[in-house]
Each structure stands twice: as C-alpha cells, then as structure tokens.
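Encoded as structure tokens, the structure appears first; notes follow it.
The values are calculated or read from the model by the stated rules, or taken from the named source; none is laboratory data. Here the structure is a predicted model, which means the values were calculated and not measured. Cβ sites come from the backbone with ideal geometry, for glycine too, and all protein chains shown count toward neighbours. Heavy atoms of the whole protein, side chains included, go into the accessibility calculation; ligands, DNA and RNA do not. Shrake-Rupley method; radii C 1.70, N 1.55, O 1.52, S 1.80 Å.
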Amino acid sequence: SKIVCAGTSVSFEVIGSGSDITYQWLKNNVPIAGATQSVLTLPFPTDGDVADYSCLVSGNCGSATSETASLMVVNNN
C-alpha cells in the first residue's frame, strides 16, 4: 500500500523477465488506457485515483499479474 498527500507524485514499478515483455497496468482490475510501461506514475493523484493497482506482465513464456498495491490519498485541509 502507498499513502500520499494529494498532488504528490506516486509511482508503481514491476520488473518482468524473459523476452517480448509487455505490461498493462490495471486500476481495480480494469486496464488503464496507455499504461503499458514497467512504471506507472500518477503525477498529481486525487481522490479519484484511490484504488487497487496491479500490472499484467506478459512475455514469451506466458503471463502473470503482479500483487495488488492499494493507493490512499490524503488531502491537506
């Protein structure tokens, strides 16, 4: 789990091994459009980014989904 202040950049990273590796990040098990790199960065997270994140890593030997990481955003009032 990660807890960040609203507006503070946060990143998640996975490392795949093998050849022809592809990545697809998921937010609450739904693919995030364009999130296909090994690092997912949310530059200015808000309450709308509070979710469970994981990554589907695929390669020539098959695919696997990473462990889930939960994001919590704390608003500075």
| note | In the range 33-77, residues that are under 21 Å from ILE15 (Cα atoms), free of Cβ contacts under 8 Å to residues at least 24 places away in the same chain and surrounded by fewer than 16 Cβ atoms within 10 Å (Cβ to Cβ) total 9
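Of the residues SER9, SER19, which single one is open to solvent by 60 Å² or more (accessible area, probe 1.4 Å) and polar (S, T, N, Q)?
Details: SER19 fails: open to solvent by 60 Å² or more (accessible area, probe 1.4 Å).
Just a single option satisfies the conditions, and that option is SER9.
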